[in-house]
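A quick write-up on the structure given underneath.
Read-outs: derived from the displayed coordinates by stated rules, not from any lab. Bear in mind the structure is a predicted one, so any value in this text is a computation, not a measurement. Note that we place each Cβ from the backbone using ideal geometry, even for glycine, and neighbour counts take in every protein chain shown.
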Amino acid sequence: MSVFPERGDLWPVLEERLIAERTKDTPWHRGLGNLYWPDPGGNVRLVAKAAADLMFESFLLGSKYAEPSAKLVEGEVHAMVQEILGAPKGAATTLTAGGTESNFHAVKTARDWARRHRPGAKNPTVLVPFTAHPSFDKAAQICGIAMKRVPERPDFRADVDAMAGAIDEDTIMIVGSAPQYPHGVVDDIPAIAALARKHGLWCHVDACVGGFLIPFLRKLGRTVPPFDFKDVPGVMSISADLHKFGLVLPHGISSFTLRDAANLAFQGFDFDQWPYGRYRLQTFAGSRSGHVVAAAWATMKHLGEQGYLERARMIVGMAERLEAGIGRIPGLRMLAPFEAGPFVWHGDGVDTVAVAEAMESRGYAMSWCKKPPAMHLLLYPMEDERIVDGYLAALADSVEDVRAGRRKASAAQASYA
């Protein structure tokens with residue numbers, strides 16, 4: 001039977017099919033912290049949908065072939081991103097489809113920058129902590145350069161001394177995370193940036209998770225290590241996801257910001273050896289939809305600083321409730337302190353993966369780290385405390401199942417995707 005219909009279906013038929021299929025999805029409150037991003041509260045979702053609908057058919061292609069309305073909202077999103085990240089005058093931002101693309105821009109820009117500034121690097125190499133996101137390896141593979149991962153410290157932060165020892169004449173770029181995804185802690189970005197400046201390397205911060213959360217946590221008085229352009233002079237570029245703690249729906253929008261717009265010369269692609277004319281872009285994609293950018297613009301404008309502060313406060317409250325609840329469950333403990341989004345706990349005397357599978361049997365979507373085995377939540381601002389209470393109750397029951405021998409682990413491999 002052909003999937004592609006000979007005659008098109010009416011919308012009510014398609015709508016019924018979609019509604020039926022959606023009922024099979026894990027409800028977001030059962031996917032607590034497992035990459036499920038619900039409505040960020042208030043009427044933000046409605047505002048984003050309305051803005052996206054107004055610009056549903058708009059598009060962006062380079063700087064010439066773009067509608068003025070799309071260019072305006074994109075420009076204002078750039079300016080807001082730079083303000084939040086403490087970028088100086090003369091910075092430049094590119095909006096991308098996600099953190100992987102943002103980190104690709106970082107690697108590609110550093111590679112081409114190094115051709116001018118580190119010509120002695122015969123085998124250009126990117127140096128990252130073992131905890132850095134795999135998108136750097138993906139980008140390096142695409143860009144035809146080498147990767148070197150350095151083991152982290154016992155507290156899961158980048159081992160800057162070990163990174164210093166790994167630098168050689170081929171090193172062109174050094175990376176830190178704010179925070180790193182597996183354990184949720186922020187690397188010592190000032191030390192990494194100082195190391196980069198000492199050796200004349202490109203310094204990039206992967207703040208895809210924390211870029212739009214840490215600045216507001218710090219304004220609430222939380223102690224979170226510095227990472228941005230304002231606080232760390234040696235940082236040359238930052239990636240930060242708008243579809244994470246920028247709270248933007250729909251998914252598929254991140255940012256890549258350069259301290260100095262002059263380095264756009266190393267980021268872009270410029271080609272004119274074909275019949276039509278010059279093809280010059282700063283983005284990896286050619287045509288890009290304007291509706292996601294419009295949703296980001298409306299979300300950021302609608303929330304404003306106070307809206308983001310309030311949601312950061314909610315995330316802190318959720319972390320405190322979870323930490324207190326986990327502390328009351330015998331056999332569990334925090335793996336690392338909560339700092340900037342990820343919340344990671346593991347078994348202390350019980351099989352962590354078995355507990356996760358017991359939670360899944362209760363309808364919760366779980367994700368876990370492999371080294372060491374630990375459960376991973378990416379916290380979200382939630383107004384209903386009953387959701388956290390339900391999670392903790394199910395967790396206590398799951399631990400009891402494992403301790404009583406009613407549940408044993410069957411999965412052997414943790415997976416990000």
Practice problem: Report, in order of residue number, the helices in the chain meeting two criteria: a C-alpha extent of 30 Å or more along the helix axis, and a mean Kyte-Doolittle hydropathy of at least -1.0; treat each whole DSSP H run as one helix. | Solution: 290-327
Self-check item: Inter-centroid distance (Cα atoms) of the stretch 67-126 relative to the stretch 154-171, Å
Solution: 24
Practice problem: Please name which of P182, Q282, Y308 has its Cα lying farthest along the dipole of the chain towards the positive end, using unit charges on Cβ (Lys, Arg +1; Asp, Glu -1) and the Cα centre as origin. | Solution: Q282
Quiz item: What number comes out for the charge environment of F271, summing +1 per Lys or Arg and -1 per Asp or Glu over other residues with Cβ under 10 Å away?
Solution: 0
Practice problem: Have a look at A92, L61, A262 and report the one farthest towards the positive end of the charge dipole of the chain, computed about the Cα centre with Cβ charges (Lys/Arg +1, Asp/Glu -1). | Solution: A262
Quiz item: In the chain, which longest range has no GluC sites (Glu not before Pro) that are both DSSP loop (not H, G, I, E or B) and surrounded by at most 16 other Cβ atoms within 10 Å?
Solution: 170-382
Self-check item: Sequence of R218, R157, R386 once ranked by neighbouring C-beta atoms within 10 Å, starting from the fewest
Solution: R386, R218, R157
Quiz item: For the stretch 341-417, what is the charge dipole size about the Cα centre, in debye to the nearest 20, if Lys and Arg each add +1 at the Cβ and Asp and Glu each add -1 at the Cβ?
Solution: 400
Exercise. Determine which residues of the stretch 301-315 fall in the zone a paramagnetic label at E83 would reach in this model, i.e. backbone nitrogen under 14 Å from the point 7 Å along Cα→Cβ.
Key: 301-309
Exercise. For the stretch 289-417, just say rounded, prolate or oblate: build the C-alpha gyration tensor, square-root its eigenvalues into a ≥ b ≥ c, call rounded for a/c under 1.5, and beyond that prolate if a/b exceeds b/c, oblate if not.
Key: prolate
Practice problem: Rank these for me by crowding, I167, I19, I142, going from fewest to most other beta carbons within 10 Å. | Solution: I19, I142, I167
Practice problem: List the relative contact order of the chain as a percent without decimals, with contacts defined as Cα pairs under 8 Å and 6+ residues apart. | Solution: 21
Self-check item: For L332, residues with placed amide H under 5 Å, excluding near neighbours
Solution: D348
Quiz item: Where nothing but the Cβ of Lys and Arg (+1) and of Asp and Glu (-1) is charged, how large is the charge dipole of the chain around its Cα centre, in debye to the nearest 20?
Solution: 700
Quiz item: Do the sum for the chain: with -39,500 (n - 2.57) for every DSSP H run of n ≥ 4, divided by all residues, what is the mean residue ellipticity at 222 nm, to the nearest 500 deg cm²/dmol?
Solution: -12500 deg cm²/dmol
Exercise. Give the percent of DSSP beta bridges with both residues in the stretch 46-301 that are antiparallel, rounded to the nearest 5.
Key: 50
Quiz item: When S410, S287 are ordered from fewest to most other Cβ atoms inside 10 Å of their Cβ, what list results?
Solution: S410, S287
Quiz prompt | Interchain or long-range residues, amide H under 5 Å from T96's placed H | solution = S254, S255, F256
Quiz item: Tell me, which longest segment in the chain has none of the chymotrypsin sites (Phe, Trp or Tyr not before Pro) that fall in DSSP loops with at most 12 further Cβ atoms within 10 Å?
Solution: 57-275
Quiz item: How about the stretch 226-268: which trypsin sites (Lys or Arg not before Pro) there lie in a loop by DSSP and see at most 16 other Cβ atoms within 10 Å?
Solution: K230
Exercise. Lys and Arg at +1, Asp and Glu at -1: add these up for the other residues within a Cβ distance under 11 Å of Y380 and post the number.
Key: 0
Self-check item: Global geometry of the chain, whether rounded, prolate or oblate, following the gyration tensor of its Cα atoms and the 1.5 cut on a/c
Solution: oblate
Exercise. Place +1 on the Cβ of every Lys and Arg and -1 on the Cβ of every Asp and Glu in the chain, take the dipole about the Cα centre, and give the residue among A340, S398, L322 whose Cα lies farthest towards its positive end.
Key: A340
Quiz prompt | Proximal charge balance of V399 [Cβ under 13 Å; K/R count +1, D/E count -1] | solution = 0
Practice problem: Count the lysine pairs in the stretch 46-301 whose Cα atoms lie under 18 Å apart, taking only pairs 8 or more positions apart in sequence or on different chains. | Solution: 11
Quiz item: How many nm separate the modelled label positions at S361 and E15, each set 7 Å beyond the Cα in the direction of the Cβ?
Solution: 4.1
Practice problem: Might you report the magnitude of the Cβ-based charge dipole of the stretch 254-393 about its Cα centre, with Lys and Arg at +1 and Asp and Glu at -1, to the nearest 20 debye? | Solution: 340
